Every structure is written in structure tokens, then in C-alpha cells.
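The values are calculated or read from the model by the stated rules, or taken from the named source; none is laboratory data. Because the structure is predicted, anything quoted here is derived from the model rather than measured. Note that each Cβ is placed from the backbone with ideal geometry, even for glycine, and that neighbours are counted across all protein chains shown. Each accessible area value is taken on the protein alone, full model and side chains, heavy atoms only, with ligands, DNA and RNA left out. Shrake-Rupley method; radii C 1.70, N 1.55, O 1.52, S 1.80 Å.
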Amino acid sequence: MDIQRLVEALAPLLRDPVAEGDFAYGMADLPAAGTDVMVNVDPETEDRDDVEVDALVERVRAFLALTPEQWAAVVDRVVAEIEDAVGDQPVAERTPLRDDLALTSSVVFVDAVLLSFEAPLQLPDAVVRVQLDADHRFEDLEVEIEGVEPVSFEGLDDLLDHLSEEPGPSAP
């Protein structure tokens with residue numbers, strides 16, 4: 001794929017798009033979220049050789065055209081997943097997570113979108129990564145905490161099982 005051709009094709013959607021290595025990026029308005037967002041476009045050239053420029057541009061266009069209802073459904077699911085994982089544990093910050101979540105960037109792939117959120121009051125040292133499927137529906141969530149090695153779980157039940165396990169004996 002000609003990355004410069006991709007940058008040129010993204011010009012109507014992204015402000016001042018540029019290429020860096022094998023991907024393109026630029027700022028764009030995401031009206032459904034009421035914010036500007038950095039949009040990274042990754043053609044995954046190391047894994048695929050059949051990605052078309054037009055297909056990627058259409059994926060970006062569809063992402064930027066999310067409706068407020070679609071966006072609300074994503075945010076609702078993110079909040080529910082995190083609040084379910086926290087459960088009844090006490091929290092120091094009383095600001096609702098929904099009000100604290102801020103979209104910081106996105107990566108558009110041909111068959112998915114990866115969103116990065118910060119929640120500076122609720123999760124000050126964390127980045128919340130959310131994967132949307134090709135139809136922009138919630139697919140997966142991961143919370144990366146600075147200085148902590150990430151752990152992945154197959155689903156909410158596995159996460160809850162892990163959180164409820166008794167800690168093992170500590171090493172001397």
C-alpha cells in the first residue's frame with residue numbers, strides 16, 4: 001500500500017494528515033463524542049497485503065460518523081464493565097466515571113477501531129483501551145495501569161474470579 005496515497009485520501013476527513021512509518025494520522029472532529037480526537041490509521045501492512053486505501057478511508061469515515069446513540073452505547077458499556085469489575089470496593093473519587101472518561105486517541109484498522117481513554121480522577125495512572133468491532137460495537141476492554149504489567153482476561157467472569165481469589169503465600 002502506498003502510504004502517501006492513504007494520507008492524500010484522508011485529507012478530507014483529517015486535519016493535516018501525515019504519514020509516519022506504515023501508518024497515517026491526523027486530528028478530526030468526532031461529533032458524537034463532542035470532541036476532537038487523534039485518528040491513527042493503521043493498514044497493518046506487516047500482516048496484510050490486500051488492504052485497499054478506499055476501504056480504510058471508508059472505515060475512518062464511518063467511525064467519524066458515529067451517531068450520539070452509538071457513542072452513548074460504547075460509553076455505557078465501558079462504564080458498566082469497569083464499575084462491575086470494581087464492585088462494592090470503596091473509591092476515593094466521587095466524580096462519576098462517565099464524567100471523568102476522556103477520549104484521547106483512536107486507531108482505525110480495516111476491521112476494528114481501538115479507542116484510548118483517560119479518567120484522570122477515577123483512574124489517574126491508567127489508560128482504558130476499548131476495542132470496537134467492524135460495526136463499531138463494543139468488543140473488548142483493557143485497563144493499563146502505569147508501572148503494572150497488564151493482565152488479560154477472557155471476559156468479565158474471569159476477571160471477577162481473579163479478583164476474588166485468595167492471595168497466595170508471599171515469597172521471602
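Couple of notes before you dig in:
- Filtered residues of segment 74-88 (kept if open to solvent by 60 Å² or more (accessible area, probe 1.4 Å) and either in contact with a helix residue (DSSP H, G or I) (Cβ under 9 Å, 6 or more places away or on another chain) or at pLDDT 85 or above (or both)): 76, 77, 83, 84
- Selection status of residue 55, within 21 Å of residue 19 (Cβ to Cβ) and exposed (fewer than 15 other Cβ atoms within 10 Å of the Cβ): yes
- Residue check, residue 13 out of contact with any Lys or Arg (no Cβ under 8 Å at 6 or more places or on another chain) and not acidic (Asp, Glu): no
- Condition check for residue 47 on (1) over 23 Å from residue 117 (Cα atoms); (2) modelled with pLDDT of 95 or more: one failure, at (2).
- Taking every residue in segment 12-38 that is among the basic types (Lys, Arg) and pairing it with any residue that is surrounded by 15 or more Cβ atoms within 10 Å (Cβ to Cβ), at least 6 positions away or on another chain, the pairs with Cβ-Cβ distances below 6 Å are 15/26.
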